[in-house]
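The values are calculated or read from the model by the stated rules, or taken from the named source; none is laboratory data. Please read these numbers as outputs of a predicted model, since none were measured by experiment. So basically every Cβ, Gly included, is an ideal-geometry build from the backbone, and we count neighbours across all protein chains shown.
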């Protein structure tokens, strides 16, 4: 018998040897074994989790086929069991009927195969055998996945496609051994959504006086979806919750399911910090420990508290990974300071407790030390955990890993990653905002650098982060199965599993676009711009303006979301009624609600601008914002009352609109969520919309493209003459415009008169009720060469305004030989993946950028390079038209951290044959976390750095972007020759010739 290979059918059995997807051995047209009505048989002597999963498999077969598997073993059974624990399986192995080579003795590995005449009276059996209990559980759930049952069938009410025929293909099948040993999630930041819904759905707490909902009935649903996703590890909810106390059954139920329990970075020695908080002030902790959470001042009580946690693990017999170290109460730094000697003493004392309680060497109990936030400083200063401890490295709470393994160690490394966060620059907890391309890049790096011990993702309420949670656990199981070019395939597989094949490609496209658009900025951050004060502190722009406004960025971003919303609506109309609830829960709500929020912000901030200008349209925009707010509340209400017959009542209660109101919510309002019931209209809008009183008589108002950010208007709102941004035949920006608006209630006639024949206006005359937008362009066949000026005179309501226009038509001589990206308006904008030449190996990551793709050196484990000569770089041809002694090149990079041992994180830039200028994108950023630059970069999801270059003349030049460090991802390059506008996303890419 040939050796077992991961996810691949045996040669010669007719199956495609390239198949690697879960459940790929399932067929709906024919095969070696029919699953319809086949009894599912398991030994009562097997692990309780295996006995239980056999029941789930029976249920899943009935869900799909409508036929309940029979109770007797019969002639054609499904046999489920664990090697070495199941007499059923062991007899097959002993008799030579079942070959378990390649499976026996491995970690969480399963075998699926059809066996002829396995035992007397049985003609043929489909065998699911695991190397250990979780291997068997994963094998059974893999069959469920293959027949079409979604892992989210309960959490998102996903019905499977009905099948009259379900078969197992011939061959020996396995999903292999997981690459990451422990793979799990952290249910966290669970108030108000999960904390509101769970007590109502699952009832009061089992322990008197403790909050309800987070009991064994709740955790059963968490355990099941985790196992269906091939996860094995959980950090339970912590906001006012204590897993061990809220329901004494919780730990026992975890053991029955086969879930490995851990505790978060702030909760050492298998004890949640809430347990301390509940008992420290009363002195009545049944598990030891009261008083102050300080190891310097209260060590004996804390040691007693920790000892009780390990003793409970031993007494209750659940599988656990013990967290070492100590942080401050409330997920903060230690009140005792961060001296290395103290942390060394804490870890030594904890390991001594483990040995005393278990009676075994500490190395025989799995342990982790998590380098979260300030804890990483201990490592950077030289403190090392004992060799057998797994050191968990972390991201920066915004999806950018802070440190990769630099040295091998027996205990290995882990990763703590975030899809949800509470903290600066602002909480993000409402909807999924993960861009899978960014997640893939970071997880690929972790895998490539040897991080395989334990991966856990903060998934917040879990529901709402289904896509990133599933991808995280899928990738952790087998990173090699999901290279970059298979990401679209993964999204389509996800869509197909939950919504069937017909709409899967369209749904996958929506999921991809959704992740890219959310990567521009978290929804919670839409209403304020983060800036830095003179003292270097994070502040929120006092002008109460949105994070982008000029060059129609707000309009264009809103239009992008509206288009995506329309795509989602079209898909929803094509899906059958049975899938409507699942669609709304998994895709529809988050797309529609985010699109609506963008519309709300556009109306809100346009209202504030219009109110300052006295526009007649101001009040209509206020009404639009309030209508959008009403839609937001209606969507949340639909989630709680209509979907799944009200199953999720109370779930969509996460505030996401009026962040930042310091007067109402205090000094933390800049980043902390507002605590509100989300029902008052329009009281929850921040900043609040304004309504104005208009005079009866008409009054002329004029605004021009480029004045949105300043709010200037004419004739009375500015002392300077209105000027449109310069025109160029190489321009790619949105069409420039003049807006004629009414400052009264009576409509009026307007007329626009160009002073030169080459200035064209699309509607030079008409009537203004509230306002009209007039697009202005240049007829380049009539415009003179060189710089030319003209005016547009706007008349109406007895007044007039003259708008100055400047056109720059380069002479044929100056354009002779032009190549590449051509300057217009004093700048060149380049998307990084549009290079002319690549030297060395680079990888394009489509969709990782805020506006498109990104480029990164490859492989990610490449050594640091000295830029110059033939070292790796990208070249871009540009044509500069403006004479300038000095130009500035802005590089827009993903906001990565210096995760490698070398100091900083660097790239380099040069023009032509000049020496490269090296840039450290993390320079001056403290330890790379919890500083003002980090807060701004992660909120903007971009790192902007600049270099200045001297050029002897305009004309064609070759811009070079050099590799220095391998993990840099460059998204855009902007060359400022004196006219680069201040924009959030940067200008539209320049025209490219030649």
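Anything in the range 711-737 that is farther than 30 Å from residue 830 by Cβ and either in the same structural domain as residue 609 (by TED's automatic domain parsing) or surrounded by 19 or more Cβ atoms within 10 Å (Cβ to Cβ) (or both)? List them, or say none.
Matches in the range 711-737: 713, 714, 722.
So which helices (runs of 4 or more DSSP H) are wholly in the range 495-588 and hold at least 3 residues that are in the same structural domain as residue 642 (by TED's automatic domain parsing), modelled with pLDDT of 95 or more and within 30 Å of residue 734 (Cβ to Cβ)?
Details: elements: 504-518, 553-574, 580-583.
Helices (runs of 4 or more DSSP H) meeting the threshold: 553-574.
Looking only at the range 728-741, decide whether some residue is touching a strand residue (DSSP E or B) at 6+ places or on another chain (Cβ under 8 Å) and free of Cβ contacts under 8 Å to residues at least 40 places away in the same chain.
There is at least one residue in the range 728-741 that is touching a strand residue (DSSP E or B) at 6+ places or on another chain (Cβ under 8 Å) and free of Cβ contacts under 8 Å to residues at least 40 places away in the same chain.
Suppose the filter is assigned by TED's automatic domain parsing to the domain that holds residue 197, surrounded by fewer than 22 Cβ atoms within 10 Å (Cβ to Cβ) and in contact with a strand residue (DSSP E or B) (Cβ under 9 Å, 6 or more places away or on another chain); does residue 256 pass it?
no
When residue 446 is evaluated against the numbered criteria (1) in a helix (DSSP H, G or I); (2) touching a helix residue (DSSP H, G or I) at 6+ places or on another chain (Cβ under 8 Å); (3) surrounded by 21 or more Cβ atoms within 10 Å (Cβ to Cβ), which criterion, by number, is the only one it fails?
All conditions pass for residue 446, except number (2).
Please work out if residue 266 is in the same structural domain as residue 327 (by TED's automatic domain parsing), surrounded by fewer than 24 Cβ atoms within 10 Å (Cβ to Cβ) and either out of contact with any helix residue (DSSP H, G or I) (no Cβ under 8 Å at 6 or more places or on another chain) or not in a helix (DSSP H, G or I) (or both).
Yes: the conditions hold for residue 266.
May I ask you to say which residue of 398, 455 is assigned to a loop (DSSP other than H, G, I, E, B), under 25 Å from residue 323 (Cβ atoms), touching a residue at least 40 places away in the same chain (Cβ under 8 Å) and in contact with a helix residue (DSSP H, G or I) (Cβ under 9 Å, 6 or more places away or on another chain)? It would help to see each step written out before you state the result.
Numbers: 455 fails: assigned to a loop (DSSP other than H, G, I, E, B).
Checking each option against the conditions leaves just 398.
Go through the range 240-269 and give me each residue that's at pLDDT 95 or above and at positive phi.
Across the range 240-269, the qualifying residues are 258, 269.
Tally up the residues in the range 425-437 that are surrounded by fewer than 24 Cβ atoms within 10 Å (Cβ to Cβ) and assigned to a helix (DSSP H, G or I), please.
So the answer is 1.
From the list 621, 612, which one is more than 25 Å from residue 515 (Cβ to Cβ), touching a residue at least 12 places away in the same chain (Cβ under 8 Å) and surrounded by 22 or more Cβ atoms within 10 Å (Cβ to Cβ)?
Answer to the selection: 621.
Looking at 822, 803, 778 in this structure, which one is in contact (Cβ under 8 Å) with a residue 12 or more places away in the chain, buried (at least 20 other Cβ atoms within 10 Å of the Cβ), closer than 30 Å to residue 972 by Cβ and in the same structural domain as residue 721 (by TED's automatic domain parsing)?
Going through 822, 803, 778 in turn, the sole match is 778.
Looking at (1) farther than 21 Å from residue 439 by Cα; (2) touching a strand residue (DSSP E or B) at 6+ places or on another chain (Cβ under 7 Å); (3) modelled with pLDDT of 95 or more, which is the only condition residue 965 fails?
(1) is the only condition that residue 965 fails.
So that you can scan it fast, the table gives a plain yes or no per residue for (1) assigned by TED's automatic domain parsing to the domain that holds residue 704; (2) closer than 30 Å to residue 955 by Cβ; (3) surrounded by 15 or more Cβ atoms within 10 Å (Cβ to Cβ); (4) in contact (Cβ under 8 Å) with a residue 60 or more places away in the chain:
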position: 744; (1), (2), (3), (4): yes, no, yes, yes
position: 749; (1), (2), (3), (4): yes, no, no, no
position: 770; (1), (2), (3), (4): yes, no, yes, yes
position: 786; (1), (2), (3), (4): yes, yes, no, no
position: 818; (1), (2), (3), (4): no, yes, yes, yes
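Taking only pairs six or more apart or across chains, which ones have beta-carbon atoms under 6 Å, a first residue in the range 648-667 that is modelled with pLDDT under 70, and a second residue that is assigned to a helix (DSSP H, G or I)?
These pairs meet every condition: 662/669.
Would you check which residues across the range 713-734 are within 11 Å of residue 805 (Cα to Cα) and touching a helix residue (DSSP H, G or I) at 6+ places or on another chain (Cβ under 9 Å) and list them?
725
Among the residues of the range 80-100, is any modelled with pLDDT under 95, within 24 Å of residue 180 (Cα to Cα) and touching a helix residue (DSSP H, G or I) at 6+ places or on another chain (Cβ under 6 Å)?
The answer is yes; a qualifying residue exists.
If you take the residues in the range 475-494 that are assigned to a helix (DSSP H, G or I) and out of contact with any helix residue (DSSP H, G or I) (no Cβ under 7 Å at 6 or more places or on another chain), which one is surrounded by the fewest Cβ atoms within 10 Å (Cβ to Cβ)?
Within the range 475-494, the first condition is being assigned to a helix (DSSP H, G or I), and the residues that meet it are 475-477, 479-481, 484-494.
Right, trim to out of contact with any helix residue (DSSP H, G or I) (no Cβ under 7 Å at 6 or more places or on another chain) and you get 476-477, 480-481, 485-486, 489, 493.
On the way: 476: 28, 477: 21, 480: 11, 481: 18, 485: 9, 486: 13, 489: 12, 493: 17.
Applying the filter and picking the extreme gives 485.
Of everything in the range 409-424 that's in contact (Cβ under 8 Å) with a residue 40 or more places away in the chain and not in a strand (DSSP E or B), which residue is surrounded by the fewest Cβ atoms within 10 Å (Cβ to Cβ)? Let's see the steps before the verdict.
Going through the range 409-424, the residues in contact (Cβ under 8 Å) with a residue 40 or more places away in the chain turn out to be 411-424.
Okay, now just the ones that are also not in a strand (DSSP E or B), so 411-412, 419-420, 422-424.
Working: 411: 19, 412: 20, 419: 25, 420: 26, 422: 19, 423: 17, 424: 21.
Among residues in the range 409-424 that are in contact (Cβ under 8 Å) with a residue 40 or more places away in the chain and not in a strand (DSSP E or B), the one surrounded by the fewest Cβ atoms within 10 Å (Cβ to Cβ) is 423.
Would you be able to say whether some residue in the range 215-230 is in contact with a helix residue (DSSP H, G or I) (Cβ under 7 Å, 6 or more places away or on another chain), outside the structural domain of residue 136 (by TED's automatic domain parsing), within 25 Å of residue 422 (Cα to Cα) and touching a residue at least 60 places away in the same chain (Cβ under 8 Å)? Before the answer, list the steps.
Start the filter on the range 215-230 by keeping residues that are in contact with a helix residue (DSSP H, G or I) (Cβ under 7 Å, 6 or more places away or on another chain), which leaves 215-220, 223, 227-230.
So of that shortlist, the ones also outside the structural domain of residue 136 (by TED's automatic domain parsing) come out as 215-220, 223, 227-230.
When the remaining residues are screened for being within 25 Å of residue 422 (Cα to Cα), the result is 215, 218-219, 223.
Of the ones still in play, those that are also touching a residue at least 60 places away in the same chain (Cβ under 8 Å) are none.
No: the range 215-230 contains no residue that is in contact with a helix residue (DSSP H, G or I) (Cβ under 7 Å, 6 or more places away or on another chain), outside the structural domain of residue 136 (by TED's automatic domain parsing), within 25 Å of residue 422 (Cα to Cα) and touching a residue at least 60 places away in the same chain (Cβ under 8 Å).
Pick from the range 950-994 the residues that are in a strand (DSSP E or B) and farther than 23 Å from residue 894 by Cα: which of them is farthest from the chain's Cα centre (by Cα)?
Initially, the range 950-994 is screened for residues in a strand (DSSP E or B), giving 950, 955-963, 970-976, 992-993.
If we keep only those that are farther than 23 Å from residue 894 by Cα as well, we get 950, 955-958, 992-993.
Working: 950: 40, 955: 42, 956: 40, 957: 38, 958: 36, 992: 33, 993: 36 Å.
Result: 955.
Does residue 929 satisfy the condition of being at pLDDT below 95 and under 21 Å from residue 373 (Cβ atoms)? Steps first, please.
On the way: at pLDDT below 95: yes; under 21 Å from residue 373 (Cβ atoms): yes.
Judged against the criteria, residue 929 is a match.
In the range 905-922, how many residues are free of Cβ contacts under 8 Å to residues at least 40 places away in the same chain, part of a loop (DSSP other than H, G, I, E, B) and either farther than 20 Å from residue 957 by Cα or not assigned by TED's automatic domain parsing to the domain that holds residue 864 (or both)? First the steps, then the outcome.
Of all residues in the range 905-922, those free of Cβ contacts under 8 Å to residues at least 40 places away in the same chain come to 913-914, 917, 919-920, 922.
With part of a loop (DSSP other than H, G, I, E, B) added as a condition, the list becomes 913-914, 922.
Narrowing further to those that are either farther than 20 Å from residue 957 by Cα or not assigned by TED's automatic domain parsing to the domain that holds residue 864 (or both): 922.
Number of matching residues: 1.
Residues of the range 227-243 being crowded, with 24+ Cβ neighbours inside 10 Å and part of a helix (DSSP H, G or I), which ones?
The answer is 228, 243.
Name every residue in the range 900-917 that is under 14 Å from residue 865 (Cα atoms) and touching a strand residue (DSSP E or B) at 6+ places or on another chain (Cβ under 9 Å), in order of residue number.
Within the range 900-917, 903, 904, 905, 906, 907, 908, 909, 916, 917 meet the criteria.
Residue under question is residue 220, and the condition is that it be over 23 Å from the mean Cα position of the chain (by Cα) and at pLDDT 95 or above; does it hold? Lay out the reasoning, then the answer.
On the way: over 23 Å from the mean Cα position of the chain (by Cα): yes; at pLDDT 95 or above: yes.
Yes: the conditions hold for residue 220.
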